[in-house]
Amino acid sequence: MFDHHGWGHVHEKWTDMAQRGETAAMGNLVDDEMLHTFAVVAEPEHVASAIVERYAGLSDRASVMTPYATVQDLWDSIGAGIRAYRNGIPA
């Protein structure tokens, strides 16, 4: 997968770093292009529509996580937005 995108060298570096126990520094090798290729990146109020836009017709499940603490209202809003799309209301 990484070779397909031209990032084979990153995978090799990650392997070396992991073997040396440098896991905390591995994230430094992820640039914005790589992040946006593998993740849906959006402001909280736009997450539901971004997920729908990217995966509609391709997937019927998604896992959502954040690198920061959140409140239940955020997850409720994301779920409601996705359910609205599934019910025919654009997110």
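Let's see how each residue does on (1) small (Gly, Ala, Ser); (2) surrounded by 10 or more Cβ atoms within 10 Å (Cβ to Cβ); (3) out of contact with any strand residue (DSSP E or B) (no Cβ under 8 Å at 6 or more places or on another chain); (4) assigned by TED's automatic domain parsing to the domain that holds ALA24:
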residue	(1), (2), (3), (4)
ALA48	yes, yes, yes, no
LEU58	no, no, yes, no
ARG61	no, no, yes, no
PRO67	no, no, yes, no
THR70	no, yes, yes, no
SER77	yes, yes, yes, no
ILE82	no, yes, yes, no
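Sort out which residues of region 63-82 are over 10 Å from ALA48 (Cβ atoms) and not hydroxyl-bearing (Ser, Thr, Tyr), and write them in order of number.
MET65, PRO67, ALA69, VAL71, GLN72, ASP73, LEU74, TRP75, ASP76
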Worksheet, complete the sentence: Among residues of region 27-49 being more than 23 Å from THR70 (Cα to Cα), in a helix (DSSP H, G or I) and free of Cβ contacts under 8 Å to residues at least 12 places away in the same chain, the residue farthest from the chain's Cα centre (by Cα) is ASN28
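This table checks each residue for (1) at pLDDT 95 or above; (2) in a helix (DSSP H, G or I); (3) farther than 17 Å from GLY81 by Cβ.
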| residue | (1), (2), (3) |
| --- | --- |
| PHE2 | no, no, yes |
| MET17 | yes, yes, yes |
| GLY21 | yes, no, yes |
| ALA25 | yes, yes, yes |
| ILE51 | no, yes, no |
| SER59 | no, no, no |
| MET65 | no, no, no |
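The values are calculated or read from the model by the stated rules, or taken from the named source; none is laboratory data. Keep in mind that what you see is a predicted model, and the values were worked out from it rather than measured. With ideal geometry, Cβ positions are generated from the backbone for all residues, glycine too; neighbour counts draw on all protein chains shown.
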